[in-house]
1. Based on alpha-carbon centroids, what's the gap between the range 119-134 and the range 46-60 in Å, whole number please?
2. What does the C-alpha gyration tensor say about the overall shape of the range 100-143? Classify as rounded when a/c is under 1.5, otherwise prolate if a/b is larger than b/c, or oblate.
3. Calculate I(q)/I(0) for the range 153-215 by the Debye formula, one identical point scatterer on each C-alpha and no solvent, and give its log10 at q = 0.18, 0.20, 0.29 Å⁻¹ to two decimals.
4. If the viscosity is 0.890 mPa s and the temperature 25 °C, what Stokes-Einstein diffusion coefficient in µm²/s follows for the range 64-217 when Rh is the Kirkwood radius over Cα pairs?
5. What do you get for trypsin sites (Lys or Arg not before Pro) in the range 117-217 restricted to DSSP loop and a cutoff of at most 11 other Cβ within 10 Å of the site's Cβ?
6. What net charge is computed for the residues neighbouring residue 58, neighbours being all others with C-beta under 15 Å from the C-beta of residue 58, Lys and Arg scored +1, Asp and Glu -1?
7. What is the helix-to-structure angle for 200-215, meaning the angle in degrees between its Cα long axis and the longest Cα principal axis of the chain, kept from 0 to 90 and rounded to the nearest 10?
8. Specify, per residue and in Å³, the volume enclosed by the convex hull of the alpha carbon atoms belonging to the range 125-185.
Amino acid sequence: MKFFIDTANLKQIQEAQSLGVLDGVTTNPSLMAKEGIKGQANITQHYIDICKTVSGDVSAEVISTDYEGIIEEGLKLAKLHPQIVVKVPMIKDGIKAIKYFSEHNIKTNCTLVFSAGQALLAAKAGATYVSPFIGRLDDTSTDGVSLIEQIVHIYRNYNYKTQVLAASIRHPMHIIMCAEAGADVVTCPLDAILALFNHPLTDIGLAKFLADYKKSQ
Ligand code: G3P
């Protein structure tokens, strides 16, 4: 399972990259705004900076909602850097645009996916990734991880190549459950990745090993 980091914060991306387990980055307009990145030129430069920081795929989201606008924006984004994946919302014009991009060998990430039917459409259009938002489903008393299981099952039935990218991850158990469900990728906040390190028995065991080593000196 690939690990992406779900942020536009360069320091956090660098920290995750330094761990040696990072495979890519996802961003969205909210995450860009959170970092205070304003104006098209700065946004563009920020995507390039992120691509220079990691070696994997970097999702950059279009803000157009009509077919022509999505195509124009997506082509510009794709030209910025070979690592850019054009992130397109799950709407009719978005699906049409994903089909266009897939026919032109441009990688896509179909975002804002909340149902198996939407995921099926994304796969049929040839999306590289589909992003079901599991935390936001959990927020509505709906089991987000069950959706991952359902999509993985459907994609395996038909050997769809679209990768299931579990998004809106909130905590380490989401990561574990997505791995059990067979997600291809999880995109996580840095805290959720770092939380995977934690176990008190590791800390206790290491303290004892070090204490015993000292005694033997
Ligand atoms: O990449 C977008 C997705 O991960 C959103 O997460 O926490 O805003 O629901 P969240």
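1. If you average the Cα positions of each part, the centres end up 21 Å apart.
2. On the way: a/c = 4.83, a/b = 2.56, b/c = 1.89.
It is prolate, given that a/c is not under 1.5 and a/b is the larger ratio.
3. At q = 0.18, 0.20, 0.29 Å⁻¹ the computed log10 ratios are -0.73, -0.80, -1.14.
4. Working: Rh = 17.2 Å.
The Stokes-Einstein estimate is 143 µm²/s.
5. On the way: sites: 124, 136, 156, 161, 170, 208, 214, 215; in loops: 161, 170.
For trypsin sites (Lys or Arg not before Pro) across the range 117-217 that sit outside H, G, I, E and B with at most 11 neighbouring Cβ atoms in 10 Å, the list reads 161.
6. Charge balance in the 15 Å sphere: 0.
7. Taking the Cα atoms of the chain, the angle to 200-215 is about 40 degrees.
8. 73 Å³
Quick note: the coordinates plus some simple rules give every number you see, no bench work behind them. Remember, predicted model here, so these are calculated numbers, not experimental data. Note: ideal-geometry Cβ built from the backbone for every residue, glycine included; neighbour counts use all protein chains shown.
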